[in-house]
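Down below is the structure, laid out as structure tokens.
The values are calculated or read from the model by the stated rules, or taken from the named source; none is laboratory data. Note that the structure is predicted; figures quoted are calculated from it, not measured. Quick reminder, even Gly has a Cβ in these numbers, built from the backbone with ideal geometry, and neighbours come from all protein chains shown.
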Amino acid sequence: MAVQVTESTTAPATPDASAASVDLGPAAALSCRECGERFDLGPIFACALCFGPLEVAYDLPTGDPQALRERIETGPNSIWRYAPLLPVPADVASKPNLNPGLTPLVKADRLAGELGVTGGLYVKDDSGNPTHSFKDRVVAIAVEAARAFGFTTLSCSSTGNLAGAVGAAAARAGFRSCVFIPHDLEAGKVVMAAVYGGELVAIEGTYDDVNRFCSELIGDSLGEGWGFVNVNLRPYYGEGSKTLAYEICEQLGWEIPDQIVIPIASGSQLTKIDKGLKELIKLGLVEDKPYKIFGAQAEGCSPVSRAFKDGHDVVRPVKPNTIAKSLAIGNPADGPYVLDIARRTGGAVEDVTDEQVVDAIKLLARTEGIFAETAGGVTVGVTRKLIETGQLDPARTTVVLNTGDGLKTLDAVAPTTGPTATIKPSLDAFRAAGLAG
Ligand SMILES: *Cc1c(COP(=O)(O)O)cnc(C)c1O
Ligand SMILES: [Zn+2]
């Protein structure tokens, strides 16, 4: 399979990265997703042999699944209940962190009615995380790696939500932070990225330009001692997304749903949800059964959807132009793996227009009282389209992800929402407005 290598492979000099001193719980090594070569745990992200991306390999707990289930169920009300399956030290919950996760899995009956889903429809609503997006999950894991490797500055290239999540986590855990964003983000995301007191640098370019810049910084002495959560700590960062799979299954009574609709930016979240499901099966925590994974993009940034529909294995980069800025990555690092997973599981990758995104945000708000950011509009809109085109089976249990809070992307819906009427404070005026009863 073709792999895109867009990142520098030079590891920075780090203060304290000797493998012997690293305690990341059950994490045993890093392994190459292409050739399988293993490396000691460290702040590296590309295979020295084939440049393939690295991922965390584990010594996972063995033994009685029922005992492990109980241990998880009586654990902390956060992602740390899954610490035995994550690259974190056993005492992680006692360290200063934001304790993200264990967000609601909402049974969305009214939305199901509108979409014609009869097999059970759920929204995994991650808008209630500490910085109001799913990114708190991945950052929390990266922070533990940063601690283990002795970094003192946390950094990232961000489409918006990650910058806020890194700023907040750094503030809480006592790191310096310096984060990088494209210059044209939503006001709510810029404020959230800045308010935690770290350094925020707006780059005149797209996210892909920001990401390339960060890769150069890592290879340069300017970036020495810096942990870029989604670049040189990416193998660890990615593991945070597995917790979505764990939570969904636990909340369904330790069952895998038939279909899951997941937004795609770099594609990391989608690939790690699949990894998490496979681990649950391997550990005997859930019964092995087929499931379908669907990827969702905005039409204005749909390189993976394009490749899926064209039957290609490689993802041709695009220049993003969409209101779904949190998903606006034109050259998604995990694109080829997303294609693999969608095809292997019998799912699909689909996209919707910005107008459909706005409609879907309002549909979810009107039917379930959940105000999603544009990424949630993308997944709900794509779910509707997948049903209409017969790609998603409405008679099967379906989980749709909402990965962020609508308050961060008010501009997307502001032009088409507002007061039903503006009146004088009198009963006559209200009667005249025709809203009584
Ligand atoms: C970052 C992000 C995603 C997914 O990102 P991946 O790079 O694909 O893991 C999804 N939704 C929101 C709101 C995000 O901020
Ligand atoms: Zn390799």
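Of all residues being part of a loop (DSSP other than H, G, I, E, B) and hydroxyl-bearing (Ser, Thr, Tyr) in region 141-166, which is nearest to ligand 1 (Cβ to nearest atom)? Just the residue, please.
Among them, the one singled out is THR159.
Give me the pairs, please: first residue somewhere in region 198-221 and among the aromatic types (Phe, Trp, Tyr), second residue anywhere and in a strand (DSSP E or B), beta-carbon distance under 8 Å, and either six or more positions apart or on two chains.
Every condition considered, the pairs that remain are TYR207/SER157; TYR207/PRO182; PHE213/SER157; PHE213/PHE180; PHE213/ILE203.
To keep it simple, each residue is scored yes or no on (1) within 23 Å of ALA360 (Cβ to Cβ); (2) not in a helix (DSSP H, G or I).
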{"residue": "SER127", "(1), (2)": "yes, no"}
{"residue": "ASP136", "(1), (2)": "no, no"}
{"residue": "VAL139", "(1), (2)": "no, no"}
{"residue": "ARG172", "(1), (2)": "no, no"}
{"residue": "SER177", "(1), (2)": "no, yes"}
{"residue": "LEU200", "(1), (2)": "no, yes"}
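Name the pairs: first residue in region 400-420 and more than 21 Å from LEU102 (Cα to Cα), second residue assigned to a loop (DSSP other than H, G, I, E, B) and not acidic (Asp, Glu), Cβ to Cβ under 6 Å, at least 6 apart or on different chains?
ALA412/ILE323
Exactly one condition in (1) within 16 Å of ligand 1 (Cβ to nearest atom); (2) in contact with an Asp or Glu (Cβ under 7 Å, 6 or more places away or on another chain) is false for PRO53; which is it?
(2)
Restricted to region 86-123, and to residues that are of a type in the set (Val, Ile, Thr) and assigned to a loop (DSSP other than H, G, I, E, B), which residue is farthest from the chain's Cα centre (by Cα)?
THR118
Starting from region 128-157, take each residue that is in contact (Cβ under 8 Å) with a residue 60 or more places away in the chain and closer than 14 Å to PRO96 by Cα and list its partners that are of a type in the set (S, T, N, Q) and more than 10 Å from ligand 1 (Cβ to nearest atom), counting only C-beta distances under 6 angstrom and pairs at least six apart or across chains.
ALA140/ASN97
Quick grid of which residues meet (1) touching a helix residue (DSSP H, G or I) at 6+ places or on another chain (Cβ under 6 Å); (2) free of Cβ contacts under 8 Å to residues at least 24 places away in the same chain; (3) crowded, with 23+ Cβ neighbours inside 10 Å; (4) within 23 Å of ALA375 (Cβ to Cβ):
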position	(1), (2), (3), (4)
LEU49	no, yes, no, no
GLU55	yes, no, no, no
PRO84	no, no, no, no
VAL88	yes, no, yes, no
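Restricting attention to region 295-331, report how many residues are acidic (Asp, Glu) and either closer than 16 Å to GLY404 by Cα or free of Cβ contacts under 8 Å to residues at least 60 places away in the same chain (or both).
Residues flagged as acidic (Asp, Glu) and either closer than 16 Å to GLY404 by Cα or free of Cβ contacts under 8 Å to residues at least 60 places away in the same chain (or both) within region 295-331 amount to 2.
Here are some residues: ALA146, ALA194, ALA165, ALA187. Which one is within 24 Å of GLY25 (Cα to Cα) and over 17 Å from the mean Cα position of the chain (by Cα)?
The match here is ALA146.
Can you report the number of residues in region 358-400 which are within 19 Å of the chain's Cα centre (by Cα) and in a helix (DSSP H, G or I)?
Looking only at that region, the number is 11.
I'd like to know if region 56-70 contains one or more residues that are at pLDDT 95 or above, among the basic types (Lys, Arg) and part of a loop (DSSP other than H, G, I, E, B).
no
I'd like the residue in region 132-186 that is under 21 Å from ILE329 (Cβ atoms) and among the hydroxyl-bearing types (Ser, Thr, Tyr) and, out of all such residues, is modelled with the lowest pLDDT.
THR159
Every residue, every condition in (1) hydrophobic (A, V, I, L, M, F, W, C); (2) crowded, with 20+ Cβ neighbours inside 10 Å; (3) out of contact with any Asp or Glu (no Cβ under 9 Å at 6 or more places or on another chain), yes or no:
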residue	(1), (2), (3)
LYS289	no, no, no
PRO303	no, yes, yes
LYS309	no, no, no
HIS312	no, no, yes
GLY335	no, yes, yes
VAL352	yes, yes, no
THR367	no, no, no
ALA375	yes, yes, yes
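Would you mind finding the one in ILE341, ILE323, ILE273 that is part of a loop (DSSP other than H, G, I, E, B), at negative phi and within 13 Å of ligand 1 (Cβ to nearest atom)?
After ruling out the rest, the residue left standing is ILE323.
Report the residue count in region 231-253 for those that are of a type in the set (Val, Ile, Thr), in a helix (DSSP H, G or I) and either surrounded by fewer than 24 Cβ atoms within 10 Å (Cβ to Cβ) or modelled with pLDDT under 95 (or both).
Residues that pass the stated criteria total 1.
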